[in-house]
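Asks: Dropping the structure in here first, questions after.
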Amino acid sequence: MSDQAGFSRRRFLQASGLLAASAPALAAESVRPEASGKGEGGVPPAFARLLRKADLPAPRGARVVVVGAGWSGLSMAKYLKLQNPDFDVVLVDRQASFTSLPLSNPWLVGEISMDFLCHSFFDAARNHGYLFLQATVLGLDREARRVFTDAGVIGYDYLVLAPGIDYDYERIGVEDPVEQQLLAQRYPGGFVNASELLTIRRKIQQFRGGTFLLTVPDGDYRCSAAPYERACTMAAWFKHNGLPAKILLLDMNNEIKIMKDGFARAFSELYGDYIEYLPSSLISSVDVAGRTVSTEFDDYRFDDAVIYPPIRGARMLEEAGIMNPHSPEKTANTDPFRYHVIGDERVYVTGDSRSQPFSRGGHTANSEARYVAEVIAGHALGREVAWRSPQTMCFSAIDIRPMRAISLITFYRYDEVKKDFAFDRTHAVEQWDEVGGRASVAWAEGLFQDMFYE
Amino acid sequence: MKGRFFLLLSGLLLLSGAWADAPAKMKIVLEFQPDPLNGRKVFDVCARCHMPEAWGNEDGTYPQLAGQHATVLLRQLMEIRTGQRANALMRPFVQERTLGGYQNLVDVVAYISRLPMDPAYIRGPWSEGTPEYDKGRQIYTAHCAACHGPEGEGNAQGAVPRLQGQHYPYTRRQAIAIKRGQRRADLAMQAVVSQLDEHELELALNYVSQLEVPKTDLAPTPNWRNPDFK
Ligand SMILES: Cc1cc2nc3c(=O)[nH]c(=O)nc-3n(C[C@H](O)[C@H](O)[C@H](O)COP(=O)(O)OP(=O)(O)OC[C@H]3O[C@@H](n4cnc5c(N)ncnc54)[C@H](O)[C@@H]3O)c2cc1C
């Protein structure tokens, strides 16, 4: 990544690394702009801002910085404060406000309003007694316990990284970063941010017929059910509006990954004329200009598409040097029970960028946070906290007008023999109904209430 | 379930017109005959979190609801509904628009209270014969038994929860939350727990967690699955 001035992010990080070596006591001190001004080291004045202390009140207790105000970071910040009111918690996100991805599929087809999905970080911070800072995190200095952001440097006693995911386009054969950008904007996956959602909604509303291609990535992608849910809600929209549209659902897995009975029945009973489901479709390349997705065996031309590629832990983790190179989803190298980076009990990784194979969901992140907050509070007091399982809950709308949905809840246990986590008890309701539809709204409402308001 | 449920709604009813300056205190008593069959239907949405057996889980994030007195469940649901009891995740599920009116509330608690209990409920760390167990018995008998019963059986009429058979991590978490003022509870109960320290509460709850639940209230095995969910 290079900007006009020819300054690469890598160089900036190196610069901040150098700084780390020369000024170890920076955490509480600001760096005087003139010390890093132009001339010396070639840092232009605009960058001085990056190197001074962020505009935050002096910490009034052990400072815990939480990076990423998604489902995980919001829950972490709240429960850290509850576990230890003396913690001085700062929640950092590059975005100005929160837009929920859960329930976005019903929103795409007009079942619920954007108001319902959008919430203010200021409300969350005020109601739970922590600080919010809008800033992009650029790098870490774990030695001196500092976070570098575009709003300045923040020192920490504990750091929680909850930056979510990035797309891993290389896994569908799109390697050139410029091609990746193009693909991400032309055919966004809709699993990371609100702009993607707005674009997809417009695509659906403007679609007049033909082939609409959707993909299901392989690996441990974010929210196993959501790509199938999206196929159903879009098919419902086309069907209710009488459009001559065909959804081509290319699944990189060899079968439906979750709630298979429910989705398979919906595909055949409700949407036989609308959804063509193609499992084992390992995508090997995408031709953006030619509107074609290719697998080893076939080429699929489309009129429009939403291309959800495989995912990886946010790039930030790799840049911070804490990625586990052996993990398929490029997640951080952390302790599976205590969530801290191996060898560093001051830095924790939670949410969708965690290393454990728990299903990547907002509910998982919220229930996990209640435990991890206790672990961190316990660490500060030298107290052990027994491991407990997060829980995954997911709701999937199958039909609209009125919304009818299916749902699943699952817990995890640690398998001592396989030395890995496995699904424990699960309860799935795979017959769609209006009770499920209302329950999905109630579910999201409860979580928003928890993360933002009480 | 032969019992009936009474809901007391009391409050100030403001009257207009000539009586505007003389508002009278009014009490409305409603009476419902529970219908567990309808309760099963209503329970469907609860099971999406509490699972079809309503047994809770061993780490205490969910309580064992099965076998709890219906009056206790009803009171808890009402308190969660109104927000008197903090439970952000569950509250939207027990509103009138999602759960329906009082009849549905009464039906669902009648259904849950008749479910057989998890025989593998989680007990505290100190078994019979240890000094901690004995100390816990003393504390429990002196401070808790009057309301929760000598066997932890609770009191249906007074809507005092049955503690026997409840997972120890759950009762421990709740009692500590009540002590710290994080969960509002019955004032008398609150007064009692505030006199004891957290370890004493643990000991008392350890004792009650070691008590046996009558066999007739338990499911035959921990592998029993609620047949209503085929
Ligand atoms: C269509 C759809 C349906 C879904 N349905 C469900 C469901 O029914 N149930 C369920 O439980 N889950 C569901 N999910 C999944 C859920 O959205 C994710 O699991 C959840 O968002 C993960 O939370 P997180 O905090 O780890 O990541 P995110 O919510 O993505 O948050 C990460 C945050 O970090 C910020 N960030 C990243 N890098 C930086 C940086 N360098 N500096 C500053 N900030 C940064 C980002 O701006 C973002 O706000 C669904 C997802 C989708 C897309």
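Asks: With a 1.4 Å probe and every protein chain left in place, work out the accessible area per residue of the range A:320-427 in Å², rounded to a whole number.
Replies: Accessible surface, normalised per residue, equals 38 Å².
Asks: Here is a further query. Where a ≥ b ≥ c are the square roots of the eigenvalues of the C-alpha gyration tensor, would you call the range B:131-212 rounded, which needs a/c under 1.5, or, failing that, prolate if a/b is larger than b/c, or oblate?
Replies: rounded
Asks: Now, a different point. How many angstrom lie between the Cα centre of the range B:205-229 and the Cα centre of the range A:106-134?
Replies: Centre-to-centre distance over Cα atoms comes out at 42 Å.
Asks: What base-10 log of the normalised intensity I(q)/I(0) is obtained for chain B from the Debye formula, alpha carbons as equal point scatterers, at q = 0.09, 0.15, 0.17 Å⁻¹?
Replies: -0.41, -1.05, -1.30
Asks: Moving on to the next point. Please give, to one decimal in nm, the separation of the simple spin-label points placed at residue A:453 and residue A:260, each 7 Å out from Cα toward the Cβ.
Replies: Going by the 7 Å Cα→Cβ label model, 4.0 nm.
Asks: Next question, about the same structure. Please sort by residue number the trypsin sites (Lys or Arg not before Pro) in the range A:190-289 whose DSSP state is loop and whose Cβ has at most 15 other Cβ atoms within 10 Å.
Replies: A:208
Asks: Can you give me the long-range amide H partners of residue A:347? Hydrogens built in the peptide plane at 1.01 Å from N, cutoff under 5 Å, separation of 5 or more residues or another chain.
Replies: Under 5 Å from the amide H of residue A:347: A:159, A:341.
Asks: So, one more: With the Cα gyration tensor of the protein assembly as shown giving a ≥ b ≥ c as the square roots of its eigenvalues, does the rule (a/c under 1.5 for rounded; else a/b larger than b/c for prolate; else oblate) give rounded, prolate or oblate?
Replies: oblate
Asks: In addition: Rounded, prolate or oblate: which fits the range A:333-382, taking a ≥ b ≥ c as square roots of the Cα gyration tensor eigenvalues, rounded meaning a/c under 1.5, else prolate when a/b beats b/c?
Replies: Note, shape of the range A:333-382 comes out oblate.
Asks: If you don't mind, there's one more thing I want to ask. Using amide H atoms built in the peptide plane, which far-off residues or other-chain residues are under 5 Å from residue A:300 H to H?
Replies: A:293, A:294, A:295
Asks: In the protein assembly as shown, what % of DSSP beta bridges are antiparallel (nearest 5)?
Replies: 60
Asks: Further question on the same structure: For the pair residue B:229 and residue A:426, how long in nm is the line joining their label points, each one 7 Å along Cα→Cβ?
Replies: According to this spin-label approximation, the distance is 1.4 nm.
Asks: I would also like to ask the following. How much of the calculated P(r) for the range A:71-115 lies past 17 Å, in percent of all Cα pairs?
Replies: Values: 503 of 990 pairs.
Everything past 17 Å amounts to 51 percent.
Asks: Take every Cα pair under 8 Å in the range A:141-297 that's 6+ residues apart, average their separations, divide by the length, and report that relative contact order as a whole percent. The partial results should precede the final answer.
Replies: Details: 178 pairs, mean separation 31.4, N = 157.
Dividing the mean separation by the residue count of the range A:141-297 yields 20 percent.
Asks: Here's another thing I want to ask about it. Which distance in Å, rounded to a whole number, links the C-alpha centroids of the range B:82-103 and the range A:300-319?
Replies: Cα centroid of the range B:82-103 versus Cα centroid of the range A:300-319: 39 Å apart.
Asks: Please report the carbon-and-sulfur percent of the accessible area for chain A; probe 1.4 Å, protein heavy atoms only, DNA, RNA and ligands left out.
Replies: Ligands and nucleic acids excluded, carbon and sulfur give 49 percent.
Asks: Also, I was wondering about something else. Evaluate the relative contact order of chain A (contact order divided by residue number), counting alpha-carbon pairs under 8 angstrom at least 6 apart; express in whole percent.
Replies: Details: 909 pairs, mean separation 75.1, N = 454.
It comes to 17 percent, rounded to a whole number.
Asks: With the full set of protein chains in place, find how many percent of the accessible area of the range B:145-230 is carbon and sulfur; take the probe as 1.4 Å.
Replies: Carbon with sulfur: 54 percent of the solvent-accessible area.
Asks: OK, next. Rounded to the nearest 5, what is the percent of antiparallel bridges among the DSSP beta bridges in the range A:203-361?
Replies: Among the beta bridges of the range A:203-361, antiparallel pairing accounts for roughly 40 percent.
Asks: Still on this structure: Of B:215, B:230, which has the most accessible area with a 1.4 Å probe, and how do the rest follow in descending order? Mind showing how you got there, number by number?
Replies: Numbers: B:215 175, B:230 225 Å².
Order by accessible area, largest first: B:230, B:215.
Asks: Further question on the same structure: Place a point 7 Å from Cα of residue A:94 in the direction of its Cβ. Which residues in the range A:118-151 have their backbone N less than 19 Å from it?
Replies: A:121, A:132-141, A:147-151
Asks: Another one. Normalised by the residues of the range B:55-116, what does the relative contact order come to in percent, with Cα pairs under 8 Å and at least six apart?
Replies: Working: 53 pairs, mean separation 25.5, N = 62.
Averaging sequence separation for qualifying contacts and normalising by length gives 41 percent for the range B:55-116.
Asks: Accessible area lost on pairing A with B, both sides, 1.4 Å probe, Å² to nearest 100? If you can, show how the numbers build up before the last one.
Replies: Details: alone 19830 and 12950 Å², together 30730 Å².
Using a 1.4 Å probe on protein heavy atoms, the buried area is about 2000 Å².
Asks: Pick out, in residue order, every one of the GluC sites (Glu not before Pro) in the range B:174-222 that is DSSP loop and has at most 10 other C-beta atoms within 10 Å; say none if there are none.
Replies: B:212
The values are calculated or read from the model by the stated rules, or taken from the named source; none is laboratory data. Please read all numbers here as calculations on a predicted model, not as lab measurements. Virtual Cβ from ideal backbone geometry, glycine too; neighbours counted across all protein chains shown. These accessible areas exclude ligands, DNA and RNA; they are computed on the full protein's heavy atoms, side chains included. Shrake-Rupley method; radii C 1.70, N 1.55, O 1.52, S 1.80 Å.
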